[in-house]
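K.L.:
Sharing a structure with you now.
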Amino acid sequence: MKTGITRITDRIKARSASTRAAYLAQVDRLAQRPPGAQRMGCANVAHAFAAMPGDQRLRVVAQRAPNLAVVTAYNDMLSAHQPYESYPTLIRDEARRLGATAQVAGGVPAMCDGVTQGLPGMELSLFSRDSIAMATAIALSHDVFDGALLLGVCDKIVPGLLIGALHFGHLPCVFVPAGPMSTGLSNTAKSKVREQHAQGLVGRDQLLAAEQAAYHGVGTCTFYGTANSNQMLLEAMGLHVPGAAFVHPEAGLRAALTREAVATVLAIGQRARYTPIGRLVDERVIVNAMAALLATGGSTNHLIHWVAVARAAGILIDWTDFSDLSAEVPLLARVYPNGSADVNQFQAAGGPGFVLRELMDGGCLHADVATVAEGGLARYGQVPALADGGDLCWQDLPAEPGDATVVRQVTEPFSPTGGLRLLTGNLGRAVIKVSAVPEDCHVVEAPAAVFDSQEALLAAFNAGTLERDVVAVVRFQGPRANGMPELHKLTPPLAVLQGKGFRVALVTDGRMSGASGKVPAAIHASPEALAGGPLSRVRDGDIIRLDAVTGELSVQVGEAEWVARAPATLGPDAAQASGQGLGRELFGGMRRLVRSAEEGAVTWL
């Protein structure tokens, strides 16, 4: 192991000592109880298994066979989750074949940021994560299960399922992905059409045709955004069947991997080293997830989500940990938006297995951790395949990458450091995804143009008033203000300005998409403006410096003037509008309770 990574891990362990000990004590207490059907009253048992076929009811009650929970994010609107429709039938069949039973314990909501981008529904997006965690807890609250299979893929769904599962940390758990859609219109071509539309060069018909050519079938979107970053992190944490992440939903291998997930979760309960999810996800596993994110230039959303995930396991991490790890972990992958390849090309070039093997060889991962698969993390440096007889097997990857423009060996990285940076200064703490930003744009110093909504920025762009060097400040977009929506809709116009040769950057207390692109964006600024954070004191024309090299985010205003400035506030109409309509009223309690972005934007502490 690199000594720097060991030092960071030890720091996290020391910081988390009391909270982790309390968490593990609860895990152990719950794990020592008799199985559900044995400790429950007869009426409870009858209710729990009333709908089960008679032979299965006999098996779970009288024969004390293991009973598995299935928690699913299935819906048939969203391409990533539509494939899950048939999974419960397959899982029940495999459980019966292995002498166990399985029940769909419950469903969780799954919304798509691609559908709600720039619309009011996006204000529910971040909070949907904690809603999913609560729905997972409700599904598992019947407390008759010996393990759980968690079916989810996309942005908030996987973190929500994981947070919920960690609150049932005494259970063995395996995540079951569905895979990416096949490659359509390239991400580069899609982005070009978006920029042309922002300039009025192509109409809505051409833009719609391009978008539908990019998003055209079942599976996750093929760029390396939050959804596919989720899958990379679960591989690094050892929570998948090894290599399950990026196999197409309709491939024969996918069904075999799903059946293997059933066998895997059952096997955990039979091992001498019993590792329910609460013990498996320790400080080293969290560091492995962080390292995998940094090594692949993954989604900035995970600087929020994995703070919350860690906290659910009693582990305390912050953005300084991410930043210090980024100095130790090389960038080994270039997948759109920090490259031109999509996840199918990434998989063909070696995929998660190649990256994880290289990180282990380079001392960047804790290889001695427990995983759901026997054999430990080394298994995740292989790729699954179907043998001639149709049986599932795993194969070693070649030493060389299949495409060196997509993945690299640890000895020849794209960059010696990771793809994310922490920014600090008198504008607070923020993060930036540098892996997708051209090096000549890593430092921007320009006058501020201040907006209190993304609609106001778009109106200024359309009016031509941003045709200059500019740092666009979009504030009142934090968790408390309006649920911290992604502001990906701002990428095309800002990219157009950058393409014209202007020095352009974005500073915001909101989020960008997991597909944060080539425009430098200081995001998640904390404290947020609604809480009196520094962005509330910025005025039009202030000179802002964003320096991703030194990690500076500052406004060049004299200290006395800066302190004397009264924080801006949202007008009553704007403040009310952000929480009204399309179900947003129901999330008012979450807006009041939510912690800062750096604290994981959690609503349950």
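The values are calculated or read from the model by the stated rules, or taken from the named source; none is laboratory data. Computed from a prediction, not measured in an experiment: that's the story for all the values here. Heads up, the Cβs are rebuilt from the backbone with ideal geometry, glycines too, and the neighbour counts pull from every protein chain shown.
K.L.:
Only one of Gly464, Gly428 is on the phi > 0 side of the Ramachandran plot and touching a residue at least 60 places away in the same chain (Cβ under 8 Å). Can you tell me which?
P.N.:
Criteria check complete, one pass: Gly428.
K.L.:
Which numbered condition in (1) touching a residue at least 40 places away in the same chain (Cβ under 8 Å); (2) surrounded by 20 or more Cβ atoms within 10 Å (Cβ to Cβ); (3) not hydroxyl-bearing (Ser, Thr, Tyr) is the only one that Gly499 fails?
P.N.:
Unmet condition: (2).
K.L.:
Please find, within the stretch 470-485, the residue that is surrounded by the most Cβ atoms within 10 Å (Cβ to Cβ) out of those that are assigned to a helix (DSSP H, G or I) and not hydrophobic (A, V, I, L, M, F, W, C).
P.N.:
Top of the filtered list is Pro479.
K.L.:
List the pairs whose first member sits in the stretch 313-341 and is under 29 Å from Val27 (Cα atoms), whose second member is of a type in the set (Lys, Arg) and crowded, with 21+ Cβ neighbours inside 10 Å, and whose Cβ atoms are under 8 Å apart, counting only residues at least 6 apart or on separate chains?
P.N.:
Trp319/Arg429
K.L.:
Have a look at Arg379, Arg421 and point out the one that is part of a strand (DSSP E or B) and either touching a residue at least 12 places away in the same chain (Cβ under 8 Å) or closer than 30 Å to Ala531 by Cβ (or both). Walk me through how you get there before you give the answer.
P.N.:
Numbers: Arg379 fails: part of a strand (DSSP E or B).
None of the others qualify; the one that does is Arg421.
K.L.:
Condition first: closer than 12 Å to Thr371 by Cα and of a type in the set (Val, Ile, Thr). Now tell me which residues in the stretch 257-273 satisfy that.
P.N.:
Thr264, Val265, Ile268
K.L.:
Could you tell me which of the residues Asp440, Asp403 is in a helix (DSSP H, G or I), under 30 Å from Leu332 (Cβ atoms) and over 24 Å from the mean Cα position of the chain (by Cα)?
P.N.:
Asp440
K.L.:
Shifting gears a bit: Here is a check on your reading of the model: is Gly297 out of contact with any helix residue (DSSP H, G or I) (no Cβ under 8 Å at 6 or more places or on another chain), at pLDDT below 95, in the same structural domain as Ser125 (by TED's automatic domain parsing) and under 30 Å from Gly389 (Cα atoms)?
P.N.:
Working: out of contact with any helix residue (DSSP H, G or I) (no Cβ under 8 Å at 6 or more places or on another chain): yes; at pLDDT below 95: yes; in the same structural domain as Ser125 (by TED's automatic domain parsing): yes; under 30 Å from Gly389 (Cα atoms): no.
Here the answer is no, as Gly297 does not meet what is asked.
K.L.:
Something else now. Return the residues of the stretch 497-521 that are assigned to a helix (DSSP H, G or I) and out of contact with any Phe, Trp or Tyr (no Cβ under 8 Å at 6 or more places or on another chain); say none if nothing qualifies. So that I can check it myself, show each step before the final result.
P.N.:
At the first step, the residues of the stretch 497-521 found to be assigned to a helix (DSSP H, G or I) are 497-499.
Selection gives Gln498, Gly499.
K.L.:
Further question on the same structure: Within the stretch 195-230, can you find the residues that are surrounded by 24 or more Cβ atoms within 10 Å (Cβ to Cβ) and outside any loop (DSSP other than H, G, I, E, B)?
P.N.:
Across the stretch 195-230, the qualifying residues are Thr220, Thr226, Ala227, Asn228, Ser229, Asn230.
K.L.:
Do you know which residues across the stretch 316-348 are surrounded by fewer than 21 Cβ atoms within 10 Å (Cβ to Cβ), closer than 20 Å to Ser182 by Cβ and of a type in the set (Ser, Thr, Tyr)?
P.N.:
Scanning the stretch 316-348 gives a single hit, Ser340.
K.L.:
Among Gly402, Gly381, Gly389, Gly425, which is within 25 Å of Ala245 (Cα to Cα) and not assigned by TED's automatic domain parsing to the domain that holds Asn288?
P.N.:
Residue meeting the stated conditions: Gly402.
K.L.:
crowded, with 20+ Cβ neighbours inside 10 Å, in the same structural domain as Glu235 (by TED's automatic domain parsing) and under 20 Å from Ile5 (Cα atoms): which single residue out of Val355, Val372 fits that description?
P.N.:
Numbers: Val372 fails: under 20 Å from Ile5 (Cα atoms).
Step by step, each of Val355, Val372 is checked, and only Val355 is crowded, with 20+ Cβ neighbours inside 10 Å, in the same structural domain as Glu235 (by TED's automatic domain parsing) and under 20 Å from Ile5 (Cα atoms).
K.L.:
I've got another one for you. If I filter the stretch 399-436 down to residues being over 17 Å from Phe322 (Cβ atoms) and of a type in the set (A, V, I, L, M), which single residue comes out as surrounded by the fewest Cβ atoms within 10 Å (Cβ to Cβ)? Before the answer, list the steps.
P.N.:
Pass one, the stretch 399-436, residues over 17 Å from Phe322 (Cβ atoms): 399-414, 425-427.
This time we only want the ones that are of a type in the set (A, V, I, L, M), so: 399, 404, 406-407, 410, 427.
On the way: Ala399: 9, Ala404: 14, Val406: 24, Val407: 31, Val410: 18, Leu427: 25.
Per the stated criteria, the residue is Ala399.
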